[in-house]
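A quick write-up on the structure given underneath.
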There are 2 protein chains.
Amino acid sequence: MAQKPSIPKGTRDFSPAEMVRRNYIFDTIKEVFRLYGFQPIETPAMENLSTLMGKYGEEGDKLLFKILNSGDFISKVPQQMLDDKNSNKLTTKLSEKGLRYDLTVPFARYVVQNRSEISFPFKRYQIQPVWRADRPQKGRYREFYQCDVDVIGSNSLLNEVELVQIIDDVFKRLQINTVVKINNRKILAGIAEAIGEAERMIDITVAIDKLDKIGLEKVNAEMVAKGISETAVEKLQPILELEGSTQEKLDQIEQVIGETEVGAKGIAEMRTMFGYLENLELDTEVELDLTLARGLNYYTGAIFEVKSKDVQIGSICGGGRYDDLTGIFGMPDVSGVGVSFGAERIYDVLVQQDAFPSESLETTRALFVNFGEKEEAYCLPVLAKLRKAGINAEIFPESAKMKKQMTYANRKQIPFVILAGDNEIEAQKFTVKNMESGEQQLLNAEELIKILS
Amino acid sequence: MAQKPSIPKGTRDFSPAEMVRRNYIFDTIKEVFRLYGFQPIETPAMENLSTLMGKYGEEGDKLLFKILNSGDFISKVPQQMLDDKNSNKLTTKLSEKGLRYDLTVPFARYVVQNRSEISFPFKRYQIQPVWRADRPQKGRYREFYQCDVDVIGSNSLLNEVELVQIIDDVFKRLQINTVVKINNRKILAGIAEAIGEAERMIDITVAIDKLDKIGLEKVNAEMVAKGISETAVEKLQPILELEGSTQEKLDQIEQVIGETEVGAKGIAEMRTMFGYLENLELDTEVELDLTLARGLNYYTGAIFEVKSKDVQIGSICGGGRYDDLTGIFGMPDVSGVGVSFGAERIYDVLVQQDAFPSESLETTRALFVNFGEKEEAYCLPVLAKLRKAGINAEIFPESAKMKKQMTYANRKQIPFVILAGDNEIEAQKFTVKNMESGEQQLLNAEELIKILS
């Protein structure tokens, strides 16, 4: 009957040591979110498939984890469908619910469903796991946490600016050096329009993105190969050769796209944003990056991406402005902007930088060694006093061998061990051993509380 | 294309106001758990069905949410099974994973899988949602949180005692008056054996359970009707008429069951436990309750149940000792004891008692009213200072009508609103309005920080 236990591939258990580190990241992020006036919500793990399907493209639909209907589900499937054996079509008859794939669609659904109770602009954060039936690989999991922060119901660019401040504040606290790359969908649309290729924005952006890697000539060749006219490619050259400060770059871009309506709007937005940012004391580098093409299919204004400057890894935070997230659920014209922090990658960066704090408030601070009934009775009232003073403390639950108890303290990284035998009891004191230095002190209960606080 | 959005029945969204209250409960519970040396773990939402099936009885197997296999799942189902249309059997071919049903089985799986890294006794807590395809009704959800705390790998009764201390401490902090009812499976087994009906322990317990409601005579009649011999029922009478203190009750029971091995052991365990408990300063009432039959099929020693004394509701915490939880995963003879706090019911008790704290550190403390560009520029540096001082603060992102901004502050229950127009800017001050009292003060930036800290 005994089975060798395992967990589904792409999922993970988190040990106490990992939990302490993960909570450090989540707590830091939450604290900053709250500092900026954001409030938490949570949504169910399961959503109706009608809410989820069609929101993440065809590939996304396939990657949704679907819940098998309960009860006698098979009797509700038409015989013809069973005969056809088309798994895709059968899914719609076998499943009505799926696990959430991200936090954005559930948030949009939440806003529409609760719009009468929400006071806009709605500043919410949400830190919950999401699930994707992706092929698991190093650093990619089927269950992972997202940490989303969004403002919905305000067009003000101050929101974009505050998100950059939040990014700066979070990574300052986590001691990660970052660069925030910023782009604007309207500028990209302006470029495509100005060079007479309004429909080819994505092809153009994808090509520009390769500039660093393959060089100007090959980028031009690729665009021509993709059917973009030579005239258009020529008009694009000043933008490919952008140099100087953000101001200078914006000036140069403006010369190309300033006469398109969308382009002029994009330039104006970026000038306002960078104007705000210049007046702030930011630790993070902030950079205009026209090659940033993240989420181009739904972002409508600013686009953000954050990279670690010291550790080679994908982006550790990203987001942008979306002008019609809730439209699909029947609530049009509500603009929002938000970013999502990648907790798993941030964890990896902190591991590589060895930048997790060594002390943790979450672990046990002191262990009473258990020498037997009499000694236990002597220790228990003081143990209760320590806890009353807010000190995490415990007693080994049985009078096991000294070595076993010390090993327990070591493995649990408990910094202080308290011993009380006949001598201590007679003197009404306790021997406290600092497990790192090995130093021992003989203290009474009050001194004990003081040293452990 | 617009859909009216909804969520699956039995699931819930949590608004910011609800999150604050839920976090208050979770944070209180976690703080106490840590105070007693417990550490958190987390396990995946999905487990292999081989881990979950058969652990919760036939009914439980049905109530598991199962994940539909990805890809072309139908081609892997034998034609014969499709023709038979037996949903139960088909499930095994359509699904390999399920959502966790409780935290106990995943914990047992975790312990066995990670035994080489775990330092025993392992004191762990786990606060995560679980899912059950139960019929939703008032107070019963398909997604709900469990808060489990267990010690595994120690037989010491000190663990049982510490769990009672934890219960006492948690509910003291939450200001809920409770009674902790304690029973022992070994005493129940001893009773059944002593009256010559060793196999009928559960029938006997179920009947005893009704004593308060239907009275002694009807209880006796029910036992006889269930086939328990009249001699046995007669022998049981002293136990049904138990009176007095816990000590006196134990003495009376001992006279009946003291000669059975299991009964004597149960009595000894309870004497030890209550001996410890008498020496502690507990706020909660603790009571021996022979009618407590919770989880009789897997508990092997102490059984706990906690009730609110002021609010009529089911148990708000419960648990017990189980001697072989990990055996089913191939790791026999590891004893554990634990309790689970019912966060949803605790929430309901606190709502009914109106006992949630009114102040919350999680909400915004001050809102700057936005009067326009110049005023905004004057406020932003001070806003940054407030945040640096750890004060949750925000500025309304656009210069909307005053009424809109004040409504926003009211609905978000922001206690202070800060106004700065021409007069304030000239005086280099800020008008601070206490939203509850209506009182206004004119302060400079330093005074502002002081008053809001």
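Near B:Cys147, the amide H atoms lying under 5 Å from its own belong to B:Phe341, B:Ala343; only residues 5 or more places off or on other chains count, and H is placed 1.01 Å from N. Among the GluC sites (Glu not before Pro) in region A:377-439, those located in a DSSP loop and surrounded by at most 15 other Cβ atoms within 10 Å of their own Cβ are A:Glu436, A:Glu439. Any idea how far the Cα center of region B:395-453 sits from the one of region A:135-152, in Å? Value for the Cα centre distance between the two parts: 38 Å. Under a model in which nothing but the beta-carbon of Lys, Arg (+1) and Asp, Glu (-1) is charged, the protein assembly as shown shows a dipole of about 1660 debye around its Cα centre.
As I understand it, the value is the acute angle between the Cα axis of helix B:158-173 and the longest principal axis of the Cα atoms of chain B; what does it come to in degrees, rounded to 10? Its long axis makes an angle of about 40 degrees. Applying the Karplus relation 6.51 cos²θ - 1.76 cosθ + 1.60 with θ = phi - 60° to region A:247-259 yields 3J(HN,Hα) values of 4, 5, 4, 4, 4, 5, 4, 4, 4, 7, 10, x, 8 Hz, where x marks Gly and Pro. Dipole of region B:142-197, Cα-centred, from +1 at each Lys and Arg C-beta and -1 at each Asp and Glu C-beta, to the nearest 20 debye? For region B:142-197, the charge dipole is close to 160 debye. When the Cα positions of B:Val349, B:Ser437, B:Asn370 are compared along the charge dipole of region B:315-453, B:Asn370 comes out farthest toward the positive end, with charges on each C-beta of Lys, Arg, Asp and Glu. Of the trypsin sites (Lys or Arg not before Pro) found in region A:210-291, those that fall in a DSSP loop while having at most 16 other beta-carbon atoms within 10 Å are A:Lys210, A:Lys226. Phi angles of region B:211-216 translate, via the Karplus equation with coefficients 6.51, -1.76, 1.60 and θ = phi - 60°, into HN-Hα couplings of 3, 4, 7, 10, x, 4 Hz per residue; Gly and Pro are given as x. Each residue of region A:278-290 is assigned a 3J(HN,Hα), and the resulting list reads 4, 7, 9, 8, 9, 7, 6, 6, 10, 9, 6, 9, 5 Hz, derived from the Karplus form 6.51 cos²θ - 1.76 cosθ + 1.60 (θ = phi - 60°), x at Gly and Pro. Over 30 Å between Cα atoms, which of B:Lys55/B:Lys309; B:Lys213/B:Lys309; A:Lys307/B:Lys388; A:Lys249/B:Lys385; A:Lys30/B:Lys138; A:Lys172/B:Lys450 qualify? Where the Cα-Cα span goes over 30 Å, the pairs concerned are B:Lys55/B:Lys309; A:Lys249/B:Lys385; A:Lys30/B:Lys138.
Spin-label pair A:Glu344-A:Ser116: with each label point 7 Å from Cα along the Cα-Cβ axis, the two points sit 4.0 nm from one another. What is the list of residues in region B:339-377 whose amide nitrogen lies under 13 Å from a point 7 angstrom out from the Cα of A:Asn279, following Cα to Cβ? Output list for this probe position: B:371-377.
In terms of modelled amide H atoms, which long-range or inter-chain residues lie less than 5 Å from the amide H of A:Cys317? It is A:Val306, A:Gly342, by chain and number. Taking a 25 Å limit on the Cα-Cα distance, which of the listed pairs A:Lys97/B:Lys4; A:Lys89/A:Lys226; A:Lys93/B:Lys93 fall beyond it? Going by Cα-Cα distance, A:Lys89/A:Lys226 fall outside the 25 Å limit.
Every helix of 4 or more DSSP H residues in chain A counts as -39500 (n - 2.57), and over all residues that averages to -12500 deg cm²/dmol at 222 nm.
For A:Leu282, the label point sits 7 Å beyond Cα toward Cβ; its separations from the matching points on the remaining copies run 5.7 nm, from shortest to longest. What residues from region A:236-252 fall in the zone where the backbone N is under 15 Å from a label point 7 Å along the Cα-to-C-beta line of A:Glu259? What the label zone holds, given the 15 Å backbone N cut-off, is A:236. Rounded, prolate or oblate for the protein assembly as shown? Axes are the square roots of the Cα gyration tensor eigenvalues, ordered a ≥ b ≥ c, and the cut-off for rounded is a/c under 1.5. Here the protein assembly as shown falls in the prolate category.
Using only C-alpha atoms and all pairs of different ones, pull out the Kirkwood radius for region A:129-252 in Å with one decimal. Hydrodynamic radius (Kirkwood, Cα only) of region A:129-252 equals 18.0 Å. If a/c stays under 1.5 just call it rounded; otherwise compare a/b with b/c (prolate if a/b is bigger, oblate if not). Do that for region A:93-187, with a ≥ b ≥ c from the square roots of the Cα gyration tensor eigenvalues. It is oblate, given that a/c is not under 1.5 and a/b is not larger than b/c. Listed from fewest to most Cβ neighbours within 10 Å, the set B:Thr104, A:Thr11 follows the order A:Thr11, B:Thr104. Annotation: amide H of B:Phe368 within the under-5 Å range of B:Glu394, B:Ile395, B:Phe396, B:Ile418, sequence separation 5 or more or interchain, hydrogens built in the peptide plane.
I'd like the FRET efficiency for A:Asp203 and A:Met435, computed as 1/(1 + (r/R0)^6) with the beta carbon distance as r and R0 of 56 Å, rounded to 0.05. It comes out at approximately 0.35. Of the trypsin sites (Lys or Arg not before Pro) found in region B:364-434, those in coil by DSSP whose Cβ has at most 11 other Cβ atoms within 10 Å are B:Lys401.
Classify region A:1-125 from the C-alpha gyration tensor, please: rounded if a/c falls under 1.5, else prolate or oblate depending on whether a/b exceeds b/c. Taking the square roots of the gyration eigenvalues as a ≥ b ≥ c, region A:1-125 is oblate. What nm distances, shortest first, do you get from the label point of A:Glu359 to those in the other copies when the point sits 7 angstrom along Cα to Cβ? Ordered by distance, the counterparts are at 2.6 nm.
Rounded to the nearest 20, the Cβ-based charge dipole of chain B about its Cα centre (Lys and Arg +1, Asp and Glu -1) stands at 1980 debye. Dimensions of chain A based on its C-alpha atoms, expressed as ranges along the principal axes with the largest first, amount to 95, 67, 47 Å. Note: relative contact order over region A:382-444, using C-alpha pairs below 8 Å and six or more positions apart, is 20 percent.
A point 7 Å from Cα along Cα→Cβ stands in for B:Gly60, and the other copies hold the same point at 3.7 nm, listed in rising order.
The numbers here are math on the coordinates, done by the rules we state, and not lab data. None of the values given here were measured: they were computed from a predicted structure. Ideal geometry is used to build each Cβ from the backbone, glycine not excepted, and the neighbour counts take in all protein chains shown.
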